[in-house]
Amino acid sequence: MVSEHWNSVDLVDIAWLLDHGDVVGASEPLMSRQAWAASDPRELMLWARAMSLRGRRVDTNDTLARAFQVDPASVEAHVEYARPALNGGDSAGALVWFRNAYEFAELSSSWVLEWVKLPTRHAQLERALAMADRYCRAKPADAEGWFRFGYALQLADRLPEALDAYLCCGRVSAFDTRCMTELRLPPAARQLIDASGTLNCGTCHVSLRV
């Protein structure tokens, strides 16, 4: 018998469970709702995420294909295709899926930072800078966005602007050594920040021409 309790669980709550690694907790309400046969693309994507986290690639791909049938412009479906490509070392394939998702997404979508890492890693710095700039303008209260922006600027040898971005990160999150470690700040970037003195007095005035 289907539990009324599980049917009442909101999709936002299920997404939260998946975001925090509770695959079992998320799978129970999804199974109760028979999410694999849903007509709502959001519900299909949650089922695909659960299947992916459980290593069930066939079920994941079948669900993604169904989500595309229901909504060809599904941002979530494009992103979910990009992630296994990225994890499998197919950077070119991941870039294509991320780029397709970006056509339909909001500039402040958190997965954009996953995409920013790719061109940064492959020395496509102009692309990374443009993406990070748009993200930070759309979501200025996200510390990691400023960090990614600063790191790309640093790699491009635009150190004054990189420092500004790192300072913005500091203003947003009271950036300290623990935050740097959490965000996996590279040693060179940490040295640049240490040399600047107090972080919290910075102002966010990065201006790019890319």
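Taken together, the values in this text are just the output of simple stated rules run on the coordinates, not laboratory data. Given the structure is predicted, the values throughout are model-derived calculations rather than measurements. Methodologically, a virtual Cβ is constructed for each residue, glycine included, from the backbone with ideal geometry; neighbour enumeration extends over all protein chains shown.
Full extension of the segment from SER108 to ARG54, taken as 0.36 nm per residue of separation minus the current Cα-Cα distance, would add 16.6 nm. Quick one: Debye curve from the alpha-carbon atoms of the stretch 32-72 only, equal weights, vacuum; give me log10 I(q)/I(0) at q = 0.19, 0.24, 0.31 Å⁻¹ to two decimals. Summing over Cα pairs of the stretch 32-72 leads to -0.43, -0.68, -1.05.
Distance between the pseudo-spin-label points of ARG99 and ALA65 (7 Å out from Cα toward the beta carbon): 2.6 nm. The spacing between the stretch 125-162 and the stretch 90-105, judged by their C-alpha centroids, is 19 Å. Sorted fewest first by neighbouring Cβ atoms within 10 angstrom, HIS78, HIS122, HIS20 come out as HIS20, HIS122, HIS78. Neighbour counts of other Cβ atoms within 10 Å put VAL75, VAL112, VAL12, VAL70 in the fewest-to-most order VAL12, VAL70, VAL75, VAL112.
Estimated translational diffusion coefficient (Stokes-Einstein, Kirkwood radius over Cα pairs, 10 °C, 1.306 mPa s) of the stretch 1-124: 105 µm² per second. Sorted ascending by nearby beta carbons within 10 Å, beginning with the fewest, LEU167, LEU11 become LEU11, LEU167. Distance between the pseudo-spin-label points of HIS20 and SER91 (7 Å out from Cα toward the beta carbon): 3.5 nm.
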